[in-house]
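All remarks here apply to the structure that follows.
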Amino acid sequence: METIGHCEGCGQLKQLNQRNLCPFCNQDLDRNMKIISAYLKKNRSASLEQLSDETGLTLHMVKKYLMEGRILVSDYPNLNYPCYFCEERIHKGYLCKNCSTKLMLEFRDMLLREGHESIEDYIRSTSTGRKLPELDRYIVEGRMKKES
């Protein structure tokens, strides 16, 4: 069922589909995924940069599709990008395993210092069904993301 809302692709107020995209952005996404798929079928060992250069899609766009899980990287070992904090090459999400673990430990310690018994206790005390803040925006061990 389609609803009215702001498109996640262009930000305009339009009728949206299940992907939260307007018809134009939905077509654009489908077209881009077909281009990527066709290129990767012929070039399984392509890197992220090669994929971007050869398809004409921006590096940011291809990286976004990877992070969102739209491209299955298990079939393409060279499709990776740097961790948000430490620059280790990763295949999904924003953080490598080490930074993710450090961040969760720091988050847990912060909650304990504030008097919460656990992350679950924090969630219950804020409001039912509320998501945790986006953890990758926090500082890990005093380090912010390196600017490109």
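The values are calculated or read from the model by the stated rules, or taken from the named source; none is laboratory data. Just so it is clear, the model here is predicted, and its values are computed rather than measured. Glycine also receives a Cβ, built like all others from the backbone with ideal geometry; neighbour counts cover every protein chain displayed.
Restricting attention to the stretch 68-104, report how many residues are in a helix (DSSP H, G or I) and either more than 21 Å from the chain's Cα centre (by Cα) or charged (D, E, K, R) (or both). Break it down into steps so the answer makes sense when it comes.
So the first thing to find is which residues in the stretch 68-104 are in a helix (DSSP H, G or I), and the list is 73-75, 97-104.
Within this subset, residues satisfying the condition of being either more than 21 Å from the chain's Cα centre (by Cα) or charged (D, E, K, R) (or both) are 75, 97, 102.
Residues in the stretch 68-104 being in a helix (DSSP H, G or I) and either more than 21 Å from the chain's Cα centre (by Cα) or charged (D, E, K, R) (or both): 3 in total.
For the stretch 41-62, the count of residues that are more than 25 Å from LEU16 (Cβ to Cβ), among the hydroxyl-bearing types (Ser, Thr, Tyr), modelled with pLDDT of 90 or more and more than 20 Å from the chain's Cα centre (by Cα) is at least one.
Which residue out of LEU57, LEU21, LEU29 is assigned to a helix (DSSP H, G or I) and touching a helix residue (DSSP H, G or I) at 6+ places or on another chain (Cβ under 9 Å)?
LEU29
So for the stretch 39-53 (the condition being touching a Ser or Thr at 6+ places or on another chain (Cβ under 6 Å) and not basic (Lys, Arg)), does at least one residue qualify? Yes, the stretch 39-53 contains a residue that is touching a Ser or Thr at 6+ places or on another chain (Cβ under 6 Å) and not basic (Lys, Arg). When SER45 is tested against (1) of a type outside the set (A, V, I, L, M); (2) more than 26 Å from CYS99 (Cα to Cα); (3) assigned to a helix (DSSP H, G or I), only condition (3) is not met.
Every condition in (1) surrounded by fewer than 18 Cβ atoms within 10 Å (Cβ to Cβ); (2) under 30 Å from THR101 (Cα atoms) holds for CYS83 except the one numbered (1).
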